Amino acid sequence: MVQMRRAGALAAMWGLTACVTAPTGVTTWEDDRLEGVAAQAAARPLPDPDAPRLRLKAPPTSPDPEVVAHDLELTLLRFTARRRALSQELGESSGAWPAPMVQAWDDVLADVERALGAALLPRRLLVQVRVTLEAELELTQRRHGAGAPALATRVRQIYTQVALQLRRSFPEPERRARAAGDARFSWPVSPQIVSSAFGFRRDPILGARRVRFHAGLDLAGRQGDIVSAAGTGRVVQAGWQGGHGRVVTVQHPGGFVSRYAHLSRILVPVGALVDPGSPVGLMGSSGRSTGPHLHFEIYRGSVPVDPLEVLDSHIAFAAGP
């Protein structure tokens, strides 16, 4: 009897927690009302199988660097041909560039800017970009004058991006090996405006057909700006040195040598001891130069080192004047 009472109690409990359904197994609005469930105003419509469905956009894919490089190389070749054809067609002019020439330059600069922003380009192509733009710009200016300052600014900004990519293209261990140690030097001028990077470039005086290795950085500035020693050392040379004009050379610990060229005036004698920030000369344009700037070199022994690898700031590029 006790067991039967317990079973009845359990059945009563299960009845309280179970869903109450109609005999057909389908609940009705009346069932919901009796159970205290708020009735819905209308049944939710079933989806229309013929209705257009939302399509999710595929995530953007990174461009293939090889494709970007191939397209850019073709762009440069086409631009060279287009620029020369326009020069012959339009003839010489002064003042503002003809509109078709401006459009040709706008197109190629936009393509180069896009490519530099999309991928890390091969070193060979980076050098080609720099040399091509320098050569074609010089030829265009000879034919049609200086052109708009805004275009010249865009070209300088591209030079900066090319130099940064050239620097990034070395793997970190190789970059450190090129610097040949953990030496750190200070910038010899302030502000730091890099107008020409370390590496191959078109010769600024001999013109488009001559590509030479540039063994230092060109730092832009004004005539008479103070040039300071980049590190502690002893002055081992101070005087005229061929195409470099007035030069100061400083020997540093660890086999490093720094060289400051195209000075308008030398402020230290041979044998002088210098510290970082000590004035060694004034910026100028002596020797083989196109305008006031500092040509700054770093050597370890007889091997030139990219100054950006040993200067105290890893990235200090800016568009030059």
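The values are calculated or read from the model by the stated rules, or taken from the named source; none is laboratory data. Please read these numbers as outputs of a predicted model, since none were measured by experiment. Neighbour counts are summed over all protein chains in view; Cβ atoms, including those assigned to glycine, are modelled from backbone coordinates with ideal geometry.
The residues listed here are GLN128, GLN141, GLN103, GLN157; of these, the one that is out of contact with any Pro (no Cβ under 7 Å at 6 or more places or on another chain) and modelled with pLDDT of 90 or more is GLN103.
Among residues of the stretch 290-307 that are within 9 Å of ALA215 (Cβ to Cβ), those with a Cβ under 8 angstrom from a residue that is outside any strand (DSSP E or B) and among the aromatic types (Phe, Trp, Tyr), sequence gap 6+ or separate chain, pair up as PRO304/PHE198.
If you go through the stretch 143-158 and keep only what is in contact with a helix residue (DSSP H, G or I) (Cβ under 9 Å, 6 or more places away or on another chain), at negative phi and without any contact (Cβ under 8 Å) to a residue 60 or more places away in the chain, you end up with ARG143, HIS144, ALA146, ALA148, LEU151, ALA152, ARG154, VAL155, ILE158.
ALA43 falls short on exactly one of the conditions (1) touching a Leu at 6+ places or on another chain (Cβ under 7 Å); (2) modelled with pLDDT under 60; (3) of a type outside the set (Asp, Glu), and that condition is (1). Just one of the listed residues (VAL250, VAL270, VAL235) is closer than 19 Å to TYR299 by Cβ and either of a type in the set (Phe, Trp, Tyr) or surrounded by fewer than 19 Cβ atoms within 10 Å (Cβ to Cβ) (or both), and it is VAL270. Considering LEU137, LEU133, LEU126, the condition of being in a helix (DSSP H, G or I), among the aliphatic types (A, V, I, L, M) and within 19 Å of ASP306 (Cβ to Cβ) is satisfied by LEU126 alone. Looking at this structure, is ALA135 out of contact with any Ser or Thr (no Cβ under 8 Å at 6 or more places or on another chain) and more than 29 Å from PRO65 (Cβ to Cβ)? So ALA135 does not fit the description; no.
The one condition from (1) touching a Phe, Trp or Tyr at 6+ places or on another chain (Cβ under 8 Å); (2) buried (at least 18 other Cβ atoms within 10 Å of the Cβ) that LEU72 does not meet is (1). Pairs linking a residue in the stretch 243-261 that is more than 14 Å from HIS293 (Cβ to Cβ) and assigned by TED's automatic domain parsing to the domain that holds PHE185 to a residue that is outside any strand (DSSP E or B) and among the hydrophobic types (A, V, I, L, M, F, W, C), with Cβ atoms under 7 Å and 6 or more positions apart or on different chains, are VAL248/VAL268; VAL250/ALA229; GLY254/ALA183; PHE256/ALA183; SER258/ALA230.
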